[in-house]
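These notes are about the structure you will find just below.
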Amino acid sequence: MREQLTADLLVVGGGTGGTCAAIQAARRGANTILVSAGDWLGGMLTAAGVSVPDGHELTAWQTGLWGAYLAALRDRQPGGLDHSWVSLFSYEPRIGAAIFADWVAALPNLHWIRGQEPTGVERKGDRITAVNFPDYRITASITLDGTELGDLLALGDVPHRWGWELQSEFNEPSAPPAWNDLTDRYPVQSPTWVAYLQDYGANQTAPAIPCPTGVDFDSFRGAWANYGGSHFLDYGRLPGGQFMLNWPIQGNDYGVGLERLIASDTARAEFGRAAQAMSLAFAHHIQAELGDRYGLAAHAFPNPNNPALALQPYYRESRRLRGLTTITEADILPQAGESVAALPIAQDQVQAIAFGNYANDHHYPGFDFPLQPKSIQWGGRWTGTPFTIPYGAIVPEQVRGLLVCEKNISVSHIANGSTRLQPMVMGIGQAAGMAAALCVERGCDPVELAVRSLQEALIGDAIAPAAVVPLFNLPPNHPHWGHWQRHYLDQPDAYPADGNAPIDSAFTSEVEAGEAIAAPITITAPHQYHLTHAGQTWQVITTRPEVKAKLQTLNSGQSVHLWGRCNPSGRWIVVEKLDRP
């Protein structure tokens, strides 16, 4: 007999988006139930082991729950976050899981239920009314699908997409004009079951990594040929001599029989076991090639079968809602010759509720799939150009009482390569949670909610105010941050194509953080800066707009005094403040 529960809001799935949606909704005051399959909240950022997240690295992008999460990580992670070269942030996943658990525990109106997955969805006409689990039947005014693979969409007969669209459907330049070997072999992007290695030390021998059967070890040949073994491992270096194995080049992405992910629970479990074997085989290959100082990490995850394996797969793609609005490649690409995508507008109202900036990135083992570029050089390094998520992408076209808050938003297969990243999904989750809470307050359905009220609630949130309009030079502690957010919502025609607001140049977000260094700057090419420190050449990069502006005024050979953090893996210095003597 299932226990009967009722709440204002039900969030199904404790991944990145679902966790953030539940926290935001409860902070707004809604009586919320969050149901997760596992004991760790955070999904990609924690349980799936991708604790080296991509995107949203610039200071101006660190707003909302993403900014609060980074601040909490900096407080709790010994040794800081500068360890890898694929990201400016890396941390132990158990610390991230503890942060989310603490945020949830601080909310008495948020009830977290663990160890339950949905088994059925009840509807009354076009409205979702309840969700069934093995031990519970939960009714709510608004339900949010935060599952990793959009399971509620299937269980509730909510119209959705799975897989590719041809170029003829959305006129996307990167979409294939016809079905081909790639689309047949990989209906969606390949997941990865992340594993962690441990460096036991130059004079130590790690336990031997068993060799799994049924894996083609030739697929790993040349995985780090263009990097060297040490630099390859530093891709996902973590504190304490650990390494995240989430390597896309002849590595441990696994895409065999992807239809198993949505065929049945049994088929999905079979896929998971095969993906784990792929990662363990890759780890075995690394140990055999790079030396037995590297072994499986012994304490990375509370996984009783193997503590080096993440608790769940890293899914890059899901079933995707058919929403009021569908995000396509044109919506994520910058305007011609500019640095930002156009703001989404409908009924003379900007629809943006969250934003992302990552380059469009797809994973298909064995295939090179070119996509339209969306990157620029900024602050001494490459970064993705920003774009926004419209409210209609989280609202179903036909079904009421439902919102989505994960990779299951209404997005094309092509554009999903940019919308799927961890900070982006945190922003989507925060917006969806706020929208659901506002619907409860107003007694309305999500389709009836005024977008401007949602935008105002996000910008004005008392705990984690979130930007909805991306502006490169507007850090969240700027005194006019809220003014310029609202200004471009009210006057979208004035939104600058270079993504820079006309703010007071006297303000600075610079801080004297890290090591003080005095040295001449060498400019090797436009937007490429280097200096010599401690007998080594370092790339000079920054996330702060004021430092970026100063770097652009320097001449090669000019001496500078800076404060920053050295990252040997990236071979760069992240500059927090710069003076010209």
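Only one of Ala72, Ala60, Ala47, Ala68 is open to solvent by less than 10 Å² (accessible area, probe 1.4 Å), assigned to a helix (DSSP H, G or I) and modelled with pLDDT of 95 or more. Can you tell me which?
Checking each option against the conditions leaves just Ala60.
Does any residue of segment 268-284 turn out to be open to solvent by 30 Å² or more (accessible area, probe 1.4 Å), touching an Asp or Glu at 6+ places or on another chain (Cβ under 6 Å) and within 24 Å of Thr419 (Cα to Cα)?
no
Looking for something assigned to a loop (DSSP other than H, G, I, E, B), in contact with a Gly (Cβ under 8 Å, 6 or more places away or on another chain) and open to solvent by less than 30 Å² (accessible area, probe 1.4 Å) - is there at least one such residue anywhere in segment 90-101?
yes
Could you give me the residue pairs with C-beta distances under 6 Å whose first residue belongs to segment 567-578 and is modelled with pLDDT of 95 or more, whose second residue is of a type in the set (Gly, Ala, Ser) and open to solvent by 10 Å² or more (accessible area, probe 1.4 Å) wherever it lies, and which are 6+ apart or on separate chains?
Glu576/Ala513; Glu576/Gly514
Is it true that Ala393 is under 24 Å from Gly29 (Cβ atoms), in a helix (DSSP H, G or I) and either touching a Cys at 6+ places or on another chain (Cβ under 7 Å) or open to solvent by less than 10 Å² (accessible area, probe 1.4 Å) (or both)?
When the stated conditions are applied, Ala393 does not pass them.
Give me the residue from segment 319-367 that is of a type in the set (Val, Ile, Thr) and not in a loop (DSSP other than H, G, I, E, B) and, out of that set, most open to solvent (accessible area, probe 1.4 Å).
Result: Ile345.
For segment 549-560, does any single residue satisfy the condition of being within 28 Å of the chain's Cα centre (by Cα), among the β-branched types (Val, Ile, Thr) and assigned to a loop (DSSP other than H, G, I, E, B)?
No, every residue in segment 549-560 fails to be within 28 Å of the chain's Cα centre (by Cα), among the β-branched types (Val, Ile, Thr) and assigned to a loop (DSSP other than H, G, I, E, B).
Taking into account only those residues within segment 529-548 that are in contact (Cβ under 8 Å) with a residue 60 or more places away in the chain and in a loop (DSSP other than H, G, I, E, B), which is farthest from Val511 (Cα to Cα)?
Thr543
Report the residue count in segment 448-469 for those that are crowded, with 17+ Cβ neighbours inside 10 Å, in contact (Cβ under 8 Å) with a residue 60 or more places away in the chain and either under 25 Å from Thr139 (Cα atoms) or touching a helix residue (DSSP H, G or I) at 6+ places or on another chain (Cβ under 7 Å) (or both).
Summing the residues that are crowded, with 17+ Cβ neighbours inside 10 Å, in contact (Cβ under 8 Å) with a residue 60 or more places away in the chain and either under 25 Å from Thr139 (Cα atoms) or touching a helix residue (DSSP H, G or I) at 6+ places or on another chain (Cβ under 7 Å) (or both) in segment 448-469 gives 11.
Cβ-Cβ below 8 Å, separation at least six or inter-chain, first residue in segment 213-236 and farther than 24 Å from Arg273 by Cα and among the charged types (D, E, K, R), second open to solvent by 30 Å² or more (accessible area, probe 1.4 Å) and not in a helix (DSSP H, G or I): which pairs?
Asp234/Trp85; Asp234/Pro568
The values are calculated or read from the model by the stated rules, or taken from the named source; none is laboratory data. Since this is a predicted model, take the numbers as computed values, not measurements. Glycine gets a Cβ as well: all are built from the backbone with ideal geometry, and neighbour counts include every protein chain shown. Note: areas computed on protein heavy atoms with side chains; ligands, DNA, RNA excluded. Shrake-Rupley method; radii C 1.70, N 1.55, O 1.52, S 1.80 Å.
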